[in-house]
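Chemist: One structure, pasted below without further comment.
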Amino acid sequence: MNYSILSNRMKLPEPEISVSEVIFDKKKEKRYLLEKRWDKDGEVLCAFMMNPSHASHILSDRTVDQLVKYAENNGYGSLIVVNAISFIEPQSNNLKNSTIHTFDPINWSFIEKAFIKSDHILFATGYKGQQALYKFIDSKNSQVINILKKYRKKFYCYDIKLSARGHNFYYTPHLRPQFHKKPYYKKNPKPLLNFPNYKKIFRE
């Protein structure tokens with residue numbers, strides 16, 4: 001029996017629904033999408049980040065927990081997490097360049113699906129995620145370039161930084177919790193297009 005039908009019959013409030021979904025590849029070496037829903041009628045927030053950790057429909061991590069907290073505090077009903085790099089590796093420093101520079105069309109298909117579904121997109125790929133984006137852009141990858149152009153008005157971020165290494169390398173900071181800094185979920189991000197140097201992210 002449908003739980004909502006039973007609760008209505010008993011004159012109870014609608015059931016509180018919290019659903020998590022995750023999509024892996026067959027070997028579970030890659031995570032293409034993680035979605036957490038708590039209000040089917042609320043707006044959808046997407047976080048576009050570097051690469052996945054082991055967070056799933058069963059487990060979470062501090063980054064996803066903070067994202068959920070931010071989404072709940074700002075009236076969203078669900079969170080979708082997608083990544084520029086699909087390989088699962090909690091320690092991003094362990095990612096090899098060969099992994100970072102490997103284009104995965106399946107991953108980018110899920111990224112676009114998430115962007116379509118979302119009302120706002122937190123753009124926070126970090127240094128290595130931006131490294132992947134630059135590689136795809138510089139190689140004239142039409143799928144990546146078109147997606148980044150098509151949904152640009154939905155992009156929000158907290159900052160655009162120039163790498164200490166220079167070389168005209170700009171990136172949006174990752175949203176990983178840092179103990180020595182105030183949690184970002186207490187602040188509001190700005191539209192990416194409001195940053196004067198936003199075109200640097202797209203090599204424009």
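The values are calculated or read from the model by the stated rules, or taken from the named source; none is laboratory data. Note that this is a predicted model, so its numbers are computed, not measured. We place every Cβ from the backbone using ideal geometry, glycine too, and count neighbours over all the protein chains shown. Accessible surface is based on the protein model in full, side chains and every heavy atom, while ligands, DNA and RNA are left aside. Shrake-Rupley method; radii C 1.70, N 1.55, O 1.52, S 1.80 Å.
Chemist: Any lysines with Cα under 17 Å of the K149 Cα? List them, leaving off those in the same chain fewer than 8 positions away.
Modeler: Those lysines meeting the cut-off are K113, K117, K135, K140, K199, K200.
Chemist: In whole Hz and in residue order, list the ³J(HN,Hα) couplings for the stretch 110-126 that follow from phi through the Karplus curve 6.51 cos²θ - 1.76 cosθ + 1.60, θ = phi - 60°; x for Gly and Pro.
Modeler: 6, 4, 5, 4, 5, 5, 4, 6, 8, 7, 9, 10, 7, 8, 8, 7, x
Chemist: A further question on this structure: With all protein chains present, how much of the accessible area of the stretch 58-204 (probe radius 1.4 Å) comes from carbon and sulfur, to the nearest whole percent?
Modeler: That fraction is 50 percent.
Chemist: Quote the relative contact order of the stretch 23-72 in percent (integer), defining contacts as alpha-carbon pairs under 8 Å separated by 6+ residues.
Modeler: It rounds to 27 percent for the stretch 23-72.
Chemist: What do you get for chymotrypsin sites (Phe, Trp or Tyr not before Pro) in the stretch 64-114 restricted to DSSP loop and a cutoff of at most 14 other Cβ within 10 Å of the site's Cβ?
Modeler: In loop regions of the stretch 64-114 (DSSP not H, G, I, E or B), the sparsely surrounded chymotrypsin sites (Phe, Trp or Tyr not before Pro) are F103.
Chemist: Amide H of H120 versus every other amide H placed in the peptide plane: which residues, excluding those fewer than 5 positions away on the same chain, fall under 5 Å?
Modeler: V44, C46
Chemist: Mind checking the stretch 43-118 for trypsin sites (Lys or Arg not before Pro) that DSSP puts in a loop (not H, G, I, E or B) and that have at most 14 other Cβ atoms within 10 Å?
Modeler: Within the stretch 43-118, the qualifying trypsin sites (Lys or Arg not before Pro) (loop, at most 14 other Cβ atoms within 10 Å) are K96.
Chemist: Take the alpha carbon gyration tensor of the stretch 40-146, find the square roots of its eigenvalues, order them as a ≥ b ≥ c, and report rounded if a/c is under 1.5; if not, report prolate when a/b exceeds b/c, else oblate.
Modeler: Oblate, since a/c reaches 1.5 and b/c is not below a/b.
Chemist: Quick check: with the 1.4 Å probe, what order do H174, H101 take by accessible area, largest first?
Modeler: H101, H174
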